[in-house]
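Worksheet: the structure to be examined is printed underneath.
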Amino acid sequence: MPADQLHEHWDVYNRQLQRVGDQLRENPVTPGHYHLVVNAFLFNPAGQVLLQQRALNKLNFPGYWDTSSGGAVKAGETIEEAMHREMTEELGFDHPVTATDNYRIMPHSHWVSAWFAFQTDWTARDFTIQTAELQRIRYFDFPAALDHLDQIGFDNCQLELRGAWEHLYGAKKTNAT
């Protein structure tokens, strides 16, 4: 049985990100409309990034290494609320999320990705993973993380990892490039 919840309600937006309605996840998004998704990268004090390996029962990209946390924004949620919910559900990481944690909004053909970056002093053992959604998590040095992030779908996770690094560290740490 897939881990994905096809009966989730999503808000639907126009190109200007104005809400124009809602729909069930199982229904295709109509042309000219978009749903929102959120993704985050979490970095430890050593500058390593936490990645999750997707569960084998996921509909899309089962078993692939992915961002630290992410998922669809449910109807009525802001991107910050959705990011908080996803990190809490998937990782047990109950961390405040603000607009300043968001570093990019990226439109695609029928969805818009909101990207976030966070620092944490949690070790991999401190997280409680949601085994229905992911197999495991692990911290990686930046070059190894880039190697593990094959392009998933239409989001270039390698590009977004670089964006998260720049958002948090700017030019402070140069061992990432």
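The values are calculated or read from the model by the stated rules, or taken from the named source; none is laboratory data. The structure presented is a predicted model; accordingly, all values stated were derived computationally and were not measured. Cβ sites come from the backbone with ideal geometry, for glycine too, and all protein chains shown count toward neighbours.
Of everything listed in (1) modelled with pLDDT under 95; (2) touching a helix residue (DSSP H, G or I) at 6+ places or on another chain (Cβ under 9 Å); (3) not acidic (Asp, Glu), the single unmet condition for GLY76 is (2). Got at least one residue in segment 32-49 being farther than 28 Å from GLY170 by Cβ, among the small types (Gly, Ala, Ser), out of contact with any Gly (no Cβ under 8 Å at 6 or more places or on another chain) and part of a loop (DSSP other than H, G, I, E, B)? Yes, because at least one residue in segment 32-49 is farther than 28 Å from GLY170 by Cβ, among the small types (Gly, Ala, Ser), out of contact with any Gly (no Cβ under 8 Å at 6 or more places or on another chain) and part of a loop (DSSP other than H, G, I, E, B). Of all the residues in segment 68-100, those that are closer than 24 Å to ALA46 by Cα, free of Cβ contacts under 8 Å to residues at least 24 places away in the same chain and of a type outside the set (Ser, Thr, Tyr) number 4. When only residues in segment 103-148 that are in a loop (DSSP other than H, G, I, E, B) and among the aliphatic types (A, V, I, L, M) count, which is surrounded by the fewest Cβ atoms within 10 Å (Cβ to Cβ)? Among residues in segment 103-148 that are in a loop (DSSP other than H, G, I, E, B) and among the aliphatic types (A, V, I, L, M), the one surrounded by the fewest Cβ atoms within 10 Å (Cβ to Cβ) is ALA132.
For PRO62, the stated conditions hold: it is in a loop (DSSP other than H, G, I, E, B), more than 23 Å from ALA99 (Cα to Cα) and either modelled with pLDDT of 90 or more or of a type in the set (D, E, K, R) (or both). Here MET87 meets the list (1) under 30 Å from TYR139 (Cα atoms); (2) assigned to a strand (DSSP E or B) almost entirely, failing just condition (2). Filtered by the rule that a residue be touching a strand residue (DSSP E or B) at 6+ places or on another chain (Cβ under 6 Å) and more than 22 Å from THR98 (Cβ to Cβ), segment 111-123 gives a lone residue, TRP111.
For beta carbons closer than 9 Å, sequence separation of 6+ or different chains, a first residue in segment 103-117 that is over 15 Å from GLU80 (Cβ atoms) and a second that is of a type in the set (Ser, Thr, Tyr) and modelled with pLDDT under 95, the qualifying pairs are MET106/SER113; PRO107/TYR34; PRO107/SER113; HIS108/TYR34; SER109/TYR34; HIS110/THR30; HIS110/TYR34; TRP111/TYR34. Of all residues in segment 135-152, those that are within 14 Å of GLN48 (Cβ to Cβ) and modelled with pLDDT of 90 or more have Cβ atoms under 6 Å from Cβ atoms of residues that are part of a strand (DSSP E or B) and not aliphatic (A, V, I, L, M), 6 or more apart or on another chain, in ILE137/GLN52; HIS148/TRP65.
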